[in-house]
Each structure stands twice: as structure tokens, then as C-alpha cells.
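The values are calculated or read from the model by the stated rules, or taken from the named source; none is laboratory data. Bear in mind the structure is a predicted one, so any value in this text is a computation, not a measurement. Heads up, the Cβs are rebuilt from the backbone with ideal geometry, glycines too, and the neighbour counts pull from every protein chain shown.
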Amino acid sequence: MKAETWVFLATTIFFLIVTPIYWVATASGRYLDGNGDWTGFTALAMTTLLAAMITIYLGFHARRMDARPEDRLDAEIADGAGELGFFPPFSWWPFWNALCLAAMVYGVAMHAWWLVIIGAGLGIVAVSGLVFEYYRGEHAH
């Protein structure tokens, strides 16, 4: 995971440089009324913090785990052979989660709070189905 750490470190440094430049450019008065763009600045600041958080997480775990074949310079192609992980088969649960979220957003937009409540109730069932899908039936562990 060292390569991923370096990618996110570069992203963090980029946003760390761009965020104050954006603030100065928007606060100069050319684009706005001279107060700066709080929305864009906040979005860039949060993006910087998010990239930094991922960088720290990947860097911490890269030191604790064994080197993967793609992290080693002396690795062969055959070192990466074998099972890569578990990939779930087709599932309907993401569709039902999206449908519940769409109903909730539509309810907020139309001020139909009863629809938000129904969508949240069904959403709890849909999220539970998605989380516990592989603990029952033919895919049970």
C-alpha cells in the first residue's frame, strides 16, 4: 500500500497548495464582492482534510502489513497469482437502498415528511438486507 500512500500524499499536498490560492483569488474582489467564496473554500479545505486522513490511514497500515507483490521491486508476476478476494454475486439490495434514498430525497424536496418516514423505515430493512445478505442461504459463511 505504499504506492497508494504516495498518491494520496501528492493529492493532499496539491489541495494544501490550491486551497489558500483559491481563497486569495476569490477574496480579491474580481469574482465576488470581496468577501471570498466560503462554499468553495470550505469544500477545498474539507477535501484537503479528507485526503490527509486517507494518507495517514494508508501510511499507518502500510507499515504494519507485509509487502504485497506490487510493493516489492524483486517480485515476479507469479507472486501475484491466486485468489484476490471475495467478489459478491448479483444482488438486488443496492437497488432497494437507492429506491429508499430516492423516496426520502423526493419527500424532502416536496415537503412530504410522511414519505421521508416511510423511506427511512424501508431503508432500514434494505440496509439490513445488504449487510446481512451473506449470512443466510447458499452464501452463508
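Annotations
- Test: residue in the stretch 87-109 that is in a helix (DSSP H, G or I) and more than 30 Å from residue 132 (Cα to Cα): yes
- Boolean, residue 54 is in contact with a helix residue (DSSP H, G or I) (Cβ under 8 Å, 6 or more places away or on another chain) and in the same structural domain as residue 132 (by TED's automatic domain parsing): no
- Odd one out for residue 129, checked against (1) part of a helix (DSSP H, G or I); (2) loosely packed, with under 12 Cβ neighbours inside 10 Å; (3) not charged (D, E, K, R): (2)
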